Amino acid sequence: MARIIVITSGKGGVGKTTTSASFATGLAMRGHKTAVIDFDVGLRNLDLIMGCERRVVYDLINVIQGEANLNQALIKDKQCDNLYVLAASQTRDKDALTQTGVEKVLHDLGAMDFEYIVCDSPAGIETGALMAMHFADEALVVTNPEVSSVRDSDRILGMLSSKTKRAIEGLDPIKEHLLITRYNPTRVDQGQMLSLEDIQDILRIKLIGVIPESESVLQASNQGVPAVHMQGSDVSEAYKDVIDRFMGVDKPMRFTEAPKQGLLKRLFGGK
Amino acid sequence: MPSSSAGQPASPVPVTFEIKSAQLPLVALLLKTSDGDAVAADVLQKFGPHSESPDFFDHDALVIDFSHLDPQTPVFDLVPLLKVLRSCSLVPVAVRGASPEAMAAALAVGLVEAPAEVHRPRPVVEAIAPEPVVETVREVVHEVVHEVVREIPGPPTMVVDKPLRSGQKIYARGCDLVVLAMVNQGAEVVADGNIHVYAPLRGKAMAGARGDTNARIFSLCLEPELISIAGVYRTSENPLAPEVQGKAAQVRLSNDGQEKLIIEALRT
């Protein structure tokens, strides 16, 4: 049975789609057959970040409404053999996303021997977000080190523990992981950002990783390459650590301390 | 024992039923004006189906209290008010403190007469510490629902052991509430009795939701957005004293008749 992981946050612009792309790619790079589904019906971003926007013919809604089958709609990633993308529809209305339809798609993917299904949730707490999380086994809650993002993540965590299939049917609860993105230790030290400890004190779920704030993320998404492919960048390393921890490897957190600045840099300023 | 009453026509005690004395907890609607339409409009705005808290009441029995009105005021038609109250999930059953004319009108529309409110002496609150940190409140609000006749012991304490996160709400109807995990900002805990939070309390906490002025709030780490006891509230806009902010503390109402919120550190 495929393991379903929802990437969610409540707030928009915190890095859900970036994380979905890199997380799914990372799983596939380890040899696991993985599908990543864009649930942001009406907006569609995942295919851009994955660099497959020109190959989208059929999307999730076409499959749900029976206008295409999964084999037609799944887009095979060019860089990873085991990775498939199911894009969102840009022209449909979000009400086209039905619970039975989503359940069938997830079930059929499981029957196609997918090991992991990554659901990229839209922002907000409406249908799209509820559908993305409903059948999840695990959740990556993406949070930025700022108050509003933490508050929205808290709201989403409440919904994960009350509105999802596992919660409603009284099964084992969804395994929740906290992923902090856009973390800048220097700005934390200057008091401009919440610290890891502050965030964990409020959310109190297990931290799976910290992705540092970096220009390479923007660069990667403009090129249509998942950030995990940016060899040698700290973001790529951080995402690989996340995959390791997800697979049960115990790894210390990296990129959480501000780099020590040399005397000259401190005197003359610098970035 | 066979329960055929037909075979025992002379039986003095019927076996099919028994009449026993019973009591019912009620909420009271204390009228402050004899303008029934104005009351109905205000109630509808606050608790009606399209208000912010349409689920505040859950088919609660209600007594309409006329005792604050001048007995000389003209009798108004109760029917529109009753309609509004029912639309707010209230079940008006009785009237008290009304003038004979108003009472007659109420009886005519099917309400019963309830005895006037009995003022019970409040139990004396023993001093917790020689010099407690006393914090008084500047915003005092009395809600419409204030007095409650509560004689029946409520159900046992409600215990919640999962964290309450933003947007979640728990109501311990007619009992105390014990929360063993944090109550985050944006979450709401409400109890008719006391509220105990053995973790940080960062959201809203409302104890004595039906007017029990003896209810208290306890937390191991008091940093709430809002605290309220029997409708007397205080928001975090007005910061707590440093002696209690983020500390183990309790909140209660003063028992001097002023009904001020007193927030004091718990001494161990």
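The values are calculated or read from the model by the stated rules, or taken from the named source; none is laboratory data. Computed from a predicted structure; not experimentally measured. Please note: Cβ atoms are built from the backbone with ideal geometry, for glycine as well, and neighbour counts cover all protein chains shown. Surface areas here come from the heavy atoms of the whole protein model, side chains and all, with no ligands, DNA or RNA. Shrake-Rupley method; radii C 1.70, N 1.55, O 1.52, S 1.80 Å.
Selection within region A:186-202: residues that are open to solvent by less than 90 Å² (accessible area, probe 1.4 Å) and away from chain B (no Cβ under 14 Å). The member of this set that is nearest to residue A:141 (Cα to Cα) is A:196. Take region A:204-220 and flag every residue that is open to solvent by less than 50 Å² (accessible area, probe 1.4 Å) and farther than 12 Å from residue A:145 by Cα. Within region A:204-220, A:205, A:207, A:208, A:209, A:214, A:216, A:217, A:220 qualify. When the test is whether a residue is in a loop (DSSP other than H, G, I, E, B), open to solvent by less than 10 Å² (accessible area, probe 1.4 Å) and either more than 14 Å from chain A (Cβ to nearest Cβ) or among the β-branched types (Val, Ile, Thr) (or both), residue B:189 does not pass it.
State all residues of region A:134-185 that are among the β-branched types (Val, Ile, Thr) and either facing chain B (nearest Cβ under 10 Å) or surrounded by fewer than 18 Cβ atoms within 10 Å (Cβ to Cβ) (or both); if no residue qualifies, say none.
Keep residues of region A:134-185 that are among the β-branched types (Val, Ile, Thr), which gives A:141-143, A:147, A:150, A:156, A:164, A:168, A:174, A:180-181.
Passing the criteria: A:147, A:150, A:156, A:168.
Of the listed requirements (1) open to solvent by less than 40 Å² (accessible area, probe 1.4 Å); (2) within 14 Å of chain B (Cβ to nearest Cβ); (3) of a type outside the set (Asp, Glu); (4) under 26 Å from residue B:200 (Cβ atoms), residue A:124 misses just one: (4).
Considering every residue within region A:256-270, establish whether at least one is open to solvent by 60 Å² or more (accessible area, probe 1.4 Å), under 24 Å from residue A:13 (Cα atoms) and either at pLDDT 95 or above or basic (Lys, Arg) (or both). Within region A:256-270 (the criterion being open to solvent by 60 Å² or more (accessible area, probe 1.4 Å), under 24 Å from residue A:13 (Cα atoms) and either at pLDDT 95 or above or basic (Lys, Arg) (or both)), the answer is no, since none of the residues qualifies.
Restricting attention to region B:39-53, the residues that are open to solvent by 60 Å² or more (accessible area, probe 1.4 Å), in contact (Cβ under 8 Å) with a residue 12 or more places away in the chain and either among the hydrophobic types (A, V, I, L, M, F, W, C) or part of a loop (DSSP other than H, G, I, E, B) (or both) add up to 2. Counting only residues that are in a helix (DSSP H, G or I), over 15 Å from residue A:27 (Cβ atoms) and of a type in the set (S, T, N, Q), region A:223-241 holds 1 of them.
Which one of B:222, B:201 is open to solvent by less than 40 Å² (accessible area, probe 1.4 Å), modelled with pLDDT of 95 or more and away from chain A (no Cβ under 14 Å)? Residue meeting the stated conditions: B:222. Scanning region B:158-178 for residues that are within 14 Å of another protein chain (Cβ to nearest Cβ), buried (at least 17 other Cβ atoms within 10 Å of the Cβ) and touching a strand residue (DSSP E or B) at 6+ places or on another chain (Cβ under 7 Å) yields a total of 3. Restricted to helices (runs of 4 or more DSSP H) entirely inside region A:30-87, those with at least 2 residues that are on the phi < 0 side of the Ramachandran plot, without any contact (Cβ under 8 Å) to a residue 60 or more places away in the chain and in contact with a Leu (Cβ under 8 Å, 6 or more places away or on another chain) are A:60-64, A:70-73. Limited to region B:230-251, what total is found for residues that are modelled with pLDDT under 95 and in a strand (DSSP E or B)? Number satisfying all stated conditions: 4. Within region B:223-237, residues that are at positive phi have Cβ atoms under 6 Å from residues that are of a type in the set (Val, Ile, Thr) and surrounded by fewer than 24 Cβ atoms within 10 Å (Cβ to Cβ) in these pairs: B:230/B:213, counting only partners at least 6 apart in sequence or on another chain.
Whether a residue is touching a helix residue (DSSP H, G or I) at 6+ places or on another chain (Cβ under 9 Å), crowded, with 21+ Cβ neighbours inside 10 Å and part of a strand (DSSP E or B) was assessed, and residue B:63 does not pass this test. Among the residues making up region B:204-219, those that are part of a loop (DSSP other than H, G, I, E, B) and either out of contact with any strand residue (DSSP E or B) (no Cβ under 7 Å at 6 or more places or on another chain) or surrounded by fewer than 23 Cβ atoms within 10 Å (Cβ to Cβ) (or both) are B:211, B:212, B:213, B:214, B:216.
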